[in-house]
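The values are calculated or read from the model by the stated rules, or taken from the named source; none is laboratory data. Just so it is clear, the structure is predicted and the values come from calculations on it, not from any experiment. Cβ placement follows ideal geometry from the backbone for every residue including glycine, while neighbour counts extend to all protein chains displayed. Each accessible area value is taken on the protein alone, full model and side chains, heavy atoms only, with ligands, DNA and RNA left out. Shrake-Rupley method; radii C 1.70, N 1.55, O 1.52, S 1.80 Å.
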Amino acid sequence: MTTSTAGIWNFESLNNLASRVGTPFWLVDAAALRRRIRAIKEITNTGGLQSRYAMKALSATRVLKEMREQGIWIDAVSGNEVLRALRAGFPAGNQPPVILLTADVFRDNALKVILDHGILPNIGSPGMVRQLADAGYNGPIAMRVNPGFGHGHVNACDTGGPSSKHGIWLSAAGEAADAARKAGLRVVMLHAHIGSGPKMEELLANLRRLAGEFARLATDFPDLEAISLGGGIPHAYKESQGEIDVTPLGPLFGEARELLIKAVGRDVRVEIEPGRFFVAPSVSLVTRVADVKKTSTNEKGQGQTFAMVDGGFVDLIRPAMYGSYHKITVHSARGAAPEKDIVVAGPLCESGDVFTRDSSDLLAPRHLPEPSPGDLLALHDAGAYGYAMSSNYNSIGRAPQVWLEEDGSTRLISRRETIEDILKAETDEAV
Ligand SMILES: Cc1ncc(COP(=O)(O)O)c(C=O)c1O
């Protein structure tokens, strides 16, 4: 958790904001976001390096605008993500390809958006060459490969290797490139995203290896203008981990570029496209403690103290989905209470709606100041794959997002969803 605009992290200020927007709410800390943008720009501020924001991590227009103002390009993974980026002011077209559309399958309006706005498609399946050509597309393409190796904080986030659905298998890339050439599509970029949230040393080793693979492949791609080493820069969710040092990535990207230039004898842009690293520390989910209740030890197991809060996995699903850890702080009008082991659970009619669990699905009570009804309880580092993966399960509307500016001012950047929002797609039409 960062302490910029730390002044808000007390019961009075938070409660003041909560009285205006209700709870739960998401708090987006502009200073923390800008610190991470600076860190990425520092490692890509030499020529020929470009960073994209994997907007799937958090797609709020205000966040996209911040990325645009800072010269960060976009990695989009659906037709609608492209339209969101265009509405946030990112330029259409592929000269240069500020917006990239990465997909293994063209769903819904993806093909139409590529054609209408001249967006560079990054294809992850060989058959997409035919689909593009049949749709009348004759522009440049990028190609996502599966290099056969990868990493991830959990298996589900490891996107490289034989068990990953993502990308064109490395040894099949040449054949796909031939098909593209025959269809009049120039392959201008090679891309691989091999996983999310690995350990830093694993990331460095794998990205070096990936750059080597691309240098070997590059000679078969006469129109190559760029390679992408994907995203996957980790974030330290546990206080014990300490801040992640990304500076070693700078020289690595420089080396990768030299390698590519040597391989093809001309300039090649090297790209990265983090999502998590940019936004994870900048957002907290602030919930209200509705009640505290206890169970007693019996033959089935250990008695627990449950802090029942009004935020649940409809808001932040990562603990329920991956057993992910998010730092928790309690803010009380009474000051800090004595600490004890607390299970923090949400309002959903779903026993899995618990924030304090580990990756083996077991309860992992957290040692916290014992909360009382009315206290505020915040889950930190919730910027990546937080709001973006929230849902309307139990017909609950998504919580509002509040932008906290560096001067301490606050703005609503998305309001709480209403029943009208939840039902707006419902209809009764003959089809
Ligand atoms: C194609 C692609 N690029 C980039 C990312 C961003 O990954 P991360 O948030 O780990 O940086 C993802 C995430 O899964 C992805 O699928």
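Ranked from largest to smallest solvent-accessible area, with a 1.4 Å probe on the protein heavy atoms, GLU69, GLU81 come out as GLU69, GLU81. Annotation: per residue accessible area for the range 1-63 equals 37 Å², rounded to a whole number [probe 1.4 Å, protein chains only]. Structure note, pairs LYS41/LYS238; LYS56/LYS238; LYS165/LYS424: Cα-Cα distances above 31 angstrom occur for LYS165/LYS424.
Taking a quarter of the surface of the Cα convex hull of the range 1-77 gives a mean projected area of 6.4 nm².
Only protein heavy atoms count here; on that basis, with a 1.4 Å probe, CYS157 has an accessible area of about 20 Å². Helix 30-43 against the longest principal axis of the chain: what's the angle in degrees, Cα atoms only, rounded to the nearest 10? Approximately 30 degrees, to the nearest 10.
Just want the answer: with Cβ charges of +1 for Lys and Arg and -1 for Asp and Glu, which residue in SER240, THR102, LEU259 is farthest toward the dipole's positive end in the range 72-274? Most positive-ward Cα: THR102. Taking THR305, THR44, THR297 as the candidate residues, the one with maximal mean-square fluctuation in a Gaussian network model of the chain, Cα springs under 10 Å, is THR297. Roughly how many debye, to the nearest 20, is the charge dipole of the chain about its Cα centre, given +1 on each Lys and Arg Cβ, -1 on each Asp and Glu Cβ, and no other charges? It comes to approximately 540 debye. Measuring with a 1.4 angstrom probe and ignoring ligands and nucleic acids, TRP73 comes out at about 40 Å² accessible.
For the chain, the Kirkwood estimate of the hydrodynamic radius, built from every pair of different alpha carbons, is 23.0 Å. Across the range 93-100, rounded Karplus estimates of 3J(HN,Hα) from the backbone phi angles (6.51 cos²θ - 1.76 cosθ + 1.60, θ = phi - 60°) give x, 10, 10, x, x, 4, 10, 10 Hz, Gly and Pro being marked x.
Surface listing: TYR237, TYR393 arranged by accessible area from highest to lowest gives TYR393, TYR237, probe 1.4 Å. Seen from every direction in turn and averaged, the convex hull around the alpha carbons of the range 72-274 projects onto 11.3 nm². Each residue of the range 36-144 gets 99 Å³ once the volume of the Cα convex hull is shared out per residue.
Carbon and sulfur: what percent of the range 151-269's accessible surface (1.4 Å probe)? Carbon plus sulfur share of accessible area: 52 percent.
Projecting the Cα atoms of ALA290, LEU404, ALA320 onto the charge dipole of the chain (Cβ charges, centred on the Cα centre) puts LEU404 farthest toward the positive pole. Angle, helix 249-264 long axis vs. longest principal axis of the chain, Cα atoms, 0 to 90°, nearest 10? With rounding to tens, the tilt is 20 degrees. Taking GLN95, GLN302, GLN70 in turn, the Gaussian network model of the chain (Cα-Cα springs below 10 Å) assigns the largest fluctuation to GLN302. Using only the C-alpha atoms, the convex hull of the range 303-431 corresponds to 155 Å³ per residue.
Using Cβ point charges alone (K and R +1, D and E -1), the dipole size of the range 221-324 about the Cα centre works out to roughly 420 debye.
Averaged per residue, the range 106-216 has 42 square angstrom of accessible surface, using a 1.4 angstrom probe with ligands and nucleic acids left out.
Compactness of the range 135-174, taken as the C-alpha radius of gyration over 2.2 N^0.38 Å, stands at 1.44. Of all lysines in the structure, those lying under 19 Å Cα to Cα from LYS294, and not within fewer than 8 positions of it along the same chain, are LYS340. Take THR329: with every protein chain present and a 1.4 Å probe, its accessible area is about 20 Å². Helix-only mean residue ellipticity at 222 nm, the chain, DSSP H runs n ≥ 4 weighted -39,500 (n - 2.57), per residue, nearest 500. What is it? That comes out to -8000 deg cm²/dmol. Relative to the longest principal axis of the Cα atoms of the chain, the long axis of helix 200-218 lies at roughly 20 degrees.
Can you give me the C-alpha center-to-center distance between the range 248-287 and the range 64-127, rounded to a whole angstrom? With the range 248-287 and the range 64-127 each reduced to a Cα centre, they are spaced 18 Å. Aspartates and glutamates near LYS293 by alpha-carbon distance under 13 Å, same-chain residues fewer than 8 away left out - which ones? Partners within reach: ASP341, GLU370. Comparing ASP381, ASP29, ASP223 in a Gaussian network model of the chain (Cα springs below 10 Å), the most mobile by mean-square fluctuation is ASP223.
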